[in-house]
Amino acid sequence: MGKGVKGMARETLLTLAILSALLGTVIVAQITGEGFVITLATKVAIFALAGVGLNLALGYGGLVSFGHAAFFGIGGYVTGILASHAGAGTAVTTLPFALMGSNEMLGIWPMAMLAAGAAALLIGALSLRTSGVYFIMVTLAFAQMLFYFAISWPRYGGEDGLSFYVRNSFPGLNTLVPVQYFAICMALLVLALILSAALVRSRFGLALQAARQNEQRAAAVGIRPYALRLVAFVISGMITGLAGSLYADLNRFVSPAMMSWHMSGEIMVFVILGGVGRLAGPVAGAAVFILLEHLLGGVSEYWKALLGLLLLAIVLFAPGGLIGLVLRRDRHV
Amino acid sequence: MKLKSGLMGTIAALVMGLGAAQAEGVKVGMITTLSGGGAGLGVDTRDGFLLALKQAGEAGSKVDLVIEDDQQKPDVAVQIADKMIQSDKVDVLTGIVWSNLAMAVVPSATAQGKFYLSTNAAPSQLAGAGCNARYFAVSYQNDNMHEAAGAYAKGAGIGKVFIMAPNYPAGQDSLAGFKRFYDGEIASEVYTQLGQTDYAAEIAQIRASGAEAVFFFLPGGMGIAFMKQYAASGVGIPLIGPAFSLSQDILPAVGDSALGIKNTSSWSPDLDNAANKTFVDGFQAEYGRLPSLYAAQGYDTANLLLSAVAKADVTDAEAFRAALAAADFASVRGKFRFGPNQHPVQDIYVREVVKVNGVLTNAIVGTAMTDRADAYADQCKM
Amino acid sequence: MVLFIEQALNGLQYGMMLFLMAAGLTLVFGVMGLINLAHGSLYMVGAFACAWVAAATGSFFLGLVASLVAAAVAGALVEVVVIRRLYHRDHLDQVLATFALILVFSEGTRWLFGSFPLYLTLPPVLSGAVMLPGGLQYPLFRLAIIGIGAVVALGLFFLINRTRLGIRIRAGEADREMIAALGVNIERLYTIVFALGAALAGLAGALVGTIQSVQVGMGEPVLILAFVVIIIGGIGSIKGALIGALLVGMTDVLGKALLPGLFARVMVGSDAATVGSALASMLIYILMALVLLVRPQGLYGQRG
């Protein structure tokens, strides 16, 4: 493929450097007692995870999903719903089988990923019948549909969202301590990055990228793009759903805003700001986004205008994103 | 540099944690709505609060205030609260206008040992079983004004009412409160979307309902949009509202079609007491406009806080709580005290929209309820 | 029955407003192949221009003219400065750049006008209600919106089918290289089409802003609905946009008005009304999914 061994090694190095920087920030913050910095770093890790999910579909599969907030929100709501039932000691449902609430992260994560994956399967199966600009708008519209459902379904708070006051638990850790919760999120992010790197280099990943680059040629060698893309879309949705679950626990609160199209746009921004199809792209993108939000947000209320200009500059003049700028190499197309 | 000040901060916090009294004063975080359709409410809350601090002079400077805009979004409010507690290290939170935001922020803030003084939202969940020693509603309990409107409608002999509110905790409290004291026929009970801007469908339902009056709870931009569209629709059924639907932030945008509408409130600009006169005159001098109910409640909250700071140190939570509960300040509402669940016991008046010197405002025409506490106080175990 | 007719009129008015939004969006996509998320910002620009000029001059009609002009100018400016560089990029870049434009427009407007919503007052000629045959009173201004929508629809059909500009637009949709080879100034054509779409969005913003309120972010919910409209109608088709807009407007208003009651009648239990209203708020998206299942290119779409 376009990148040489040297380029690959440099990108891996850069990925490690970015992750170390995030980790280093937290260590310094822990020593100095800046609890809020740790919360911000946790947010970076979670948003990056959501971006890693999207990057799989968008960067490697070429599927411009403008509706990933749906999976983020579903992950969040599964977490909120299970936690609130566990708090009240009631069953979520008794049909077709009894499902009790839970406040164990290890039990919640698979459920969140399963639900997000199921939604991705349905949405993907329909949306992948279209392509190009239709795909963008259809994924957007499906996410909006779930958004409005969340707003108008009163059982779990509707418009108001759902609070669950106490963070879910993880064996051996006190998740309410910021640095311990950060460790959980960071570990999951690293796992997802490793999985994503392995997936991209696997036969599946190579076929997926081949289908993105030239559909006809891929079809000629026996690759069926629809099935490939659907699988990629589902895995992508599951990872973003896991991020949603973590985000719900970070805030101990979920609301329809997690599914809004702004969220979809922001997840996309993490990926593109960092660099589409770059392993560490979402991490760099999320870090810069949160940094800008926090630094500029304090200086002026109008920081989003500056973010907009930065984004414009990236799209127009540096399509490889920040990682591309550092590595001085455009995304191989 | 940041690192160093952080280190110093940690050391200072450690020292204080060991019991040394903090330099007298209190750090307050105000989370309120300063943008979007609900901005008018938050701006008035803030301005009322700031006016009280300013009028207090030296004492007011002991209050170290940080203000952030929640954009009327619960998720934003939650994150601001986290930041204020973890980064700004505030002792007291206040300012939230909307009940859904309060429900997302207050329980977790009080669980982390912070005081919360409500300038407005006071959902039923926090007044009954969910009451908390560190939570004070300085404003009212959500149902109060609506209960008073129900009592007024009953007293006025209105036989059939169409009732409408947005679908969020305060909206549900609102209609429940109205029905608690109204025993006539309910033509229809409609929940709209929070933040809705087009009421054509609801107005069609009102037209077809055959009701004698419409009770509507639509604060902020929602109320403005509804009343403008209602006036254009030609439906002539008279309106009744709680103060929120006809408060000073709404009237100028609605215009003369609001004239004569009755509404219920715990406060009015023409309420005759010395504190209120100082407040209304001071507010007009400072900001060049008439204050709203939200400004009055922000002003009262700041004065309550100042009265407590003068008596006790915020690090001594028990003493500070007792000082707050005593409500030892001159309220713009005249007589004011807290009930056992730390919600107000106060009179609720009936007001009418009038025009004074070319400006639309409200004037008191009667009293709907005297010494009203709330329906949830006995469920509160504190 | 009177209630049903009034709700149907509400649906028609809503649909016409959506048409004004969707027409520009679908034209721009059809001719330039560009997906423009910032279309909602042009709607907002129109509304603010109307509110500002109406307040400054005291004339609502001048405000309406201002909304058309301001949105068209803003549109042309954006086209020349940013959009022009995006025609040959993939849709991802277009989505991102126009998403960035939304942020710039929204915060710019907030900086200029503040965070407070603005309110417009209707001139006496257009305010109040009129009596329709059958004894129904209906707000005059909402009737006017229906009328304006119909006039714009007719005007667009005339423009595209009967004028030189229309011939060029249709040629541009069919074959971009060809029309450039024929000596048409393609850059100018693109700017004109973009400005025309922007002006329609601005007009829609001013009309809706008058009924409701003028505030930052007002264009975003409408933008998404306009997307649904052009997906249903088929991207690039004005006729599709009109049919799609009316379908979406009617479905949404009638669904919200009728479904909760309907469910309460056939279902037992207190959940009936909430199931009904939850379903009603998703109805247009379900409609879209159904159309996509049957015709992935939309009702009047050309491309697959």
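Quantify how strongly other chains surround peptide B:315-326 by giving the mean number of their Cβ atoms within 10 Å of each of its Cβ atoms. List each step's numbers first, then the result.
Values: counts 0, 0, 0, 0, 0, 0, 0, 0, 0, 0, 0, 0.
Per-residue shielding by partner chains comes out at 0.
Please report, for the Cα atoms of region B:225-382, the Rg to one decimal and the Dmax as a whole number; what are they, in angstrom?
Final numbers for Rg and Dmax: 18.0, 59 Å.
Calculate the all-directions average of the projected area of chain B's alpha-carbon convex hull, and give it in nm².
Values: hull surface 74.4 nm².
Averaged projected area of chain B's Cα convex hull equals 18.6 nm².
Using a 1.4 Å probe and counting only protein heavy atoms, how much accessible surface gets buried when C and B come together, both sides summed, in Å² to the nearest 100? It would help to have the intermediate numbers written out before the result.
Values: alone 14800 and 14830 Å², together 27790 Å².
When C and B are taken together, about 1800 Å² of accessible area is lost.
Do you know the relative contact order of region B:294-354, to the nearest whole percent, from alpha carbon pairs under 8 angstrom that are 6+ apart? Can you show the working numbers first?
Details: 46 pairs, mean separation 15.0, N = 61.
In percent, rounded to a whole number, it is 25.
What distance in nm separates the two pseudo spin-label positions at residue A:197 and residue C:184, each 7 Å out from Cα along the beta-carbon direction?
About 5.2 nm, to one decimal.
For region A:57-62, take each phi angle, set θ = phi - 60°, evaluate the Karplus expression 6.51 cos²θ - 1.76 cosθ + 1.60, and give the result in whole Hz per residue in order, putting x for glycine and proline.
Each residue's phi maps through the Karplus curve to give 6, 7, x, 9, x, x Hz.
When ranked by the protection proxy of mean other Cβ atoms within 10 Å per residue, highest first, what sequence do the peptides A:57-64, B:116-123, B:342-349, B:273-280 form? Display every interim value, and only then the final one.
Details: A:57-64: 25.1, B:116-123: 26.8, B:342-349: 23.6, B:273-280: 17.6.
The peptides rank, most packed first, as B:116-123, A:57-64, B:342-349, B:273-280.
So how far apart, in nm, are the two label points at residue C:140 and residue B:64 if each is 7 Å from Cα heading toward Cβ?
Distance between the two pseudo-spin positions: 6.0 nm.
Compute the distance in nm between two label points, each set 7 Å from the Cα along the Cα-to-Cβ direction, one at residue B:316 and one at residue C:163.
Simple spin-label model gives 8.0 nm for this pair.
Grab the beta carbon distance between residue B:160 and residue C:170, set R0 = 51 Å, and tell me the FRET efficiency rounded to 0.05.
For R0 = 51 Å, the calculated efficiency reads 0.30.
What Cys residues in the protein assembly as shown have no fellow cysteine's beta-carbon under 4.7 angstrom?
Flagged as lacking a Cys partner: A:185, C:50.
Just report the Cα centroid separation between region B:62-118 and region C:92-115, whole Å.
After rounding, the separation between the Cα centres reads 29 Å.
Could you please state how large a percent of the accessible area of region B:218-297 is carbon and sulfur, counting protein chains only and using a 1.4 Å probe?
On the way: 1260 of 2270 Å².
Reported share for carbon and sulfur atoms: 55 percent.
For C:282-289, what's the mean count of beta carbons from other chains sitting within 10 Å of each residue's beta carbon?
On the way: counts 9, 2, 4, 10, 1, 0, 7, 8.
Whole-number average of other-chain Cβ neighbours for C:282-289 is 5.
How large is the charge dipole for the protein assembly as shown, taken about the Cα centre, if only the Cβ atoms of Lys, Arg (+1) and Asp, Glu (-1) carry charge, to the nearest 20 debye?
Values: 64 positive and 60 negative charges, 657 e Å.
Dipole size: approximately 3160 debye.
Could you sort the residues of region B:201-218 by number and keep only those whose accessible area is reduced by 10 Å² or more in the all-protein-chain setting relative to the chain alone, 1.4 Å probe?
With the partner chains in place, region B:201-218 has these residues losing at least 10 Å²: B:201, B:204, B:205, B:207, B:208.
Give the long-range amide H neighbours of residue B:122: residues separated by 5 or more places, or on another chain, with amide H under 5 Å away, using H modelled in the peptide plane at 1.01 Å from N.
Amide H to amide H, under 5 Å and 5 or more residues apart or across chains, residue B:122 pairs with B:142.
Would you calculate a helix-derived [θ] at 222 nm for the protein assembly as shown, using -39,500 (n - 2.57) for each DSSP H run of n ≥ 4 and dividing by the full residue count, to the nearest 500?
Numbers: 37 runs with 623 residues, N = 1019.
Result for the protein assembly as shown: -20500 deg cm²/dmol, rounded to the nearest 500.
Suppose a student asked you for the relative contact order of chain B, using Cα pairs under 8 Å spaced at least 6 residues apart; what percent would you report? Before the final figure, lay out the partial values.
Values: 790 pairs, mean separation 70.7, N = 382.
Once normalised by length, the contact order is 19 percent.
Once neighbouring chains are kept in place and the probe is 1.4 Å, which whole percent of the accessible area of region B:77-146 is contributed by carbon and sulfur? Don't skip to the end; give the middle numbers.
Numbers: 600 of 1260 Å².
It is 47 percent, rounded to a whole number.
Enter the Cα centre distance for the pair region C:54-70 and region B:237-302, rounded to the nearest angstrom.
One Cα centre to the other: 32 Å.
Taking only protein heavy atoms into account and a 1.4 Å probe, give the accessible area per residue of chain B in Å².
Per-residue accessible area for chain B comes out at 34 Å².
Straight-line reach only, C-alpha to C-alpha below 16 angstrom: list the aspartates and glutamates that residue C:239 could link to, leaving out same-chain residues fewer than 8 apart.
In chain and number order, the partners are C:173.
Can you give me the % of accessible surface on chain A that is carbon or sulfur? Probe 1.4 Å, all protein chains present, nothing else counted.
Working: 8780 of 12700 Å².
Within chain A, the accessible surface is 69 percent carbon and sulfur.
Name the aspartates and glutamates eligible as straight-distance cross-link partners of residue B:27: C-alpha to C-alpha under 12 Å, and not fewer than 8 places from it in the same chain.
Within the straight-line limit of under 12 Å, residue B:27 reaches these aspartates and glutamates: B:64, B:88, B:91, B:313.
What does the structure give for A:36-42 when I average, per residue, the other chain Cβ atoms found within 10 Å of the residue Cβ?
On the way: counts 8, 4, 1, 5, 4, 0, 0.
Neighbouring Cβ atoms belonging to other protein chains average 3 per residue here.
Which semi-axis lengths, in whole Å and largest first, follow from the square roots of five times the eigenvalues of the Cα gyration tensor of region A:5-327? Working shown, then result.
Values: eigenvalues 170, 132, 72 Å².
So the three semi-axes of region A:5-327 are 29, 26, 19 Å.
Quick one: which of B:307-318, C:209-220 comes out on top by average Cβ neighbours within 10 Å, and what's the full order, highest first? Show your work: numbers first, answer last.
On the way: B:307-318: 17.5, C:209-220: 24.3.
The most tightly packed comes first, giving C:209-220, B:307-318.
For the protein assembly as shown, just list the percent of Cα-Cα distances falling in each 10 Å bin from zero outward, please.
2, 11, 20, 24, 22, 14, 6, 2, 0
Solvent-accessible area per residue for region C:12-218 at a 1.4 Å probe radius, Å²?
Values: 7860 Å² over 207 residues.
Accessible area per residue: 38 Å².
Can you tell me which of C:154-163, C:188-197 comes out highest on packing, and rank the rest after it, using the mean Cβ neighbours within 10 Å? Working shown, then result.
Working: C:154-163: 13.2, C:188-197: 20.8.
Order by mean packing, descending: C:188-197, C:154-163.
So if the hydrodynamic radius of region C:12-218 is defined as the Kirkwood radius over C-alpha pairs, what does Stokes-Einstein give as its diffusion coefficient at 25 °C and 0.890 mPa s, in µm² per second?
Values: Rh = 17.8 Å.
Translational diffusion coefficient: 138 µm²/s.
If I fit a long axis through the Cα atoms of helix B:74-86 and take the longest principal axis of the Cα atoms of chain B, what angle between them do I get, 0 to 90°, rounded to 10?
Helix B:74-86 sits roughly 20 degrees off the main axis of chain B.
Buried by at least 50 Å² relative to the chain on its own: which residues of region C:103-140 qualify, computing accessible area with a 1.4 Å probe on protein heavy atoms?
Listed in order, they are C:103, C:104, C:107, C:115, C:116, C:119, C:137.
Considering region C:15-88, what Rg and Dmax in Å follow from its alpha-carbon atoms?
When restricted to the Cα atoms of region C:15-88, Rg and Dmax are 13.6, 45 Å.
Which parts of region B:235-268, residue by residue, lose 10 Å² or more of accessible area when the rest of the protein chains are there, as against the chain isolated (1.4 Å probe)?
Buried by the other chains: B:253.
Between chains A and C, what is the buried accessible area in Å², counting both sides, with a 1.4 Å probe and ligands, DNA and RNA left out, to the nearest 100? Don't skip to the end; give the middle numbers.
On the way: alone 15750 and 14800 Å², together 26410 Å².
Buried: approximately 4100 Å² between C and A.
The values are calculated or read from the model by the stated rules, or taken from the named source; none is laboratory data. Because the structure is predicted, anything quoted here is derived from the model rather than measured. Please note: Cβ atoms are built from the backbone with ideal geometry, for glycine as well, and neighbour counts cover all protein chains shown. Calculation scope for accessible area: heavy atoms of the full protein, side chains included, ligands and nucleic acids excluded. Shrake-Rupley method; radii C 1.70, N 1.55, O 1.52, S 1.80 Å.
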